[in-house]
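Following: one structure in structure tokens, then a few remarks.
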Amino acid sequence: MNRKLFAAAAITALAALPLAAETYSVDPGHSGVSFTVRHMVTNVRGRFNDFGGKVNMDPKNLPASSVEFHIKTASIDTGVPDRDKHLRSADFFDAEKYPEIVFKSDSIAPAGKDKYNVTGTLTMHGVSKKVTLPVSFLGQAKDPGGNTRAGFETETTLNRKDYGINWNKALDNGGVLLGEDVKVDVNLETKADGGAEKKGK
């Protein structure tokens, strides 16, 4: 009987302990994925409207955290329908064949106050490459509904040709229509998955 009581007490105590890590899901309504690429003599900006992901985060030990993030290539939006159609085609993202861009982290290393180098595999257009993203942790807060939120942002530059996105057009006076380097900005607000869903924005 004493053993049973001890076991029951131990299970109760363990259940009451908070987990070190918690899963946070990306809130698309308060997040954004945008990019900038050179077009002849200016910079064209665009965004992706459909994306999501999860961060398995230990606030007391962020290097022990992990992240997985995905973007639907068909959701590309530069504000020009004909251009967006071309970007979804086989000349660029080939959205029908490669519907997602995916990043999965392998390791996280401190790089200054609230800054981390997140290394992982980025898969785009059927090509997978190791990349290191400079990520800033923007902190945690409770929203009006009592949900715990956490914010992250990163800015990086990718060479599209590294992922087999090679289309271009030569100009009559020399040079090419599009630049190879694409500046990418990702700002994420995430919400803790644990507990009952609460109202609040």
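Compared with the alpha-carbon gap, the fully stretched path from Lys72 to Val127 is longer by 18.2 nm at 0.36 nm per residue. Here's how it looks for Ala21: its modeled amide H is under 5 Å from none belonging to a residue 5 or more places away or on a different chain. Each 10 Å bin from zero holds the following percent of Cα-Cα pairs in the range 20-192: 9, 36, 32, 17, 5, 1, 0. Placing unit charges on the Cβ atoms of the charged side chains and taking the dipole of the chain about its Cα centre, the candidate lying farthest along the positive direction among Ser25, Ser75, Ala192 is Ala192. Per-residue 3J(HN,Hα) values for the range 67-75, derived from phi via the Karplus relation 6.51 cos²θ - 1.76 cosθ + 1.60 with θ = phi - 60°, read 9, 9, 9, 9, 10, 7, 5, 5, 8 Hz in sequence order (x marks Gly and Pro).
Per-residue 3J(HN,Hα) values for the range 35-45, derived from phi via the Karplus relation 6.51 cos²θ - 1.76 cosθ + 1.60 with θ = phi - 60°, read 8, 9, 9, 6, 10, 6, 10, 8, 10, 9, 10 Hz in sequence order (x marks Gly and Pro).
Listed values for the range 46-54 are Karplus-derived 3J(HN,Hα) couplings in whole Hz (6.51 cos²θ - 1.76 cosθ + 1.60, θ = phi - 60°), namely x, 8, 10, 9, 10, 7, x, x, 9, and x replaces Gly and Pro. Cα axis of helix 2-16 to longest principal axis of the chain: angle in degrees, 0 to 90, nearest 10? Taking the Cα atoms of the chain, the angle to 2-16 is about 30 degrees.
Computed from label points 7 Å out along Cα-Cβ, the spacing between Leu178 and Glu100 is 2.4 nm. Taking GluC sites (Glu not before Pro) in DSSP loop conformation with at most 16 other Cβ atoms inside 10 Å as exposed sites, the chain has its longest uninterrupted site-free stretch at 97-196.
By the count of neighbouring beta-carbon atoms within 10 Å, fewest first, Ser128, Ser31 end up ordered Ser128, Ser31.
7 Å from Cα along Cα→Cβ at both Met40 and Lys85: what's the point-to-point distance in nm? Distance between the two pseudo-spin positions: 2.1 nm.
Amide H to amide H, with H built 1.01 Å from N, Asp94 comes under 5 Å of Ser89, counting only residues 5 or more places away or on other chains.
Only the coordinates and a few stated rules stand behind these numbers; no lab work does. What you are looking at is a predicted structure, and each value in this text was computed from that prediction instead of being measured. Reconstructed Cβ throughout: ideal geometry from the backbone, glycine too, with neighbour counts over all protein chains shown.
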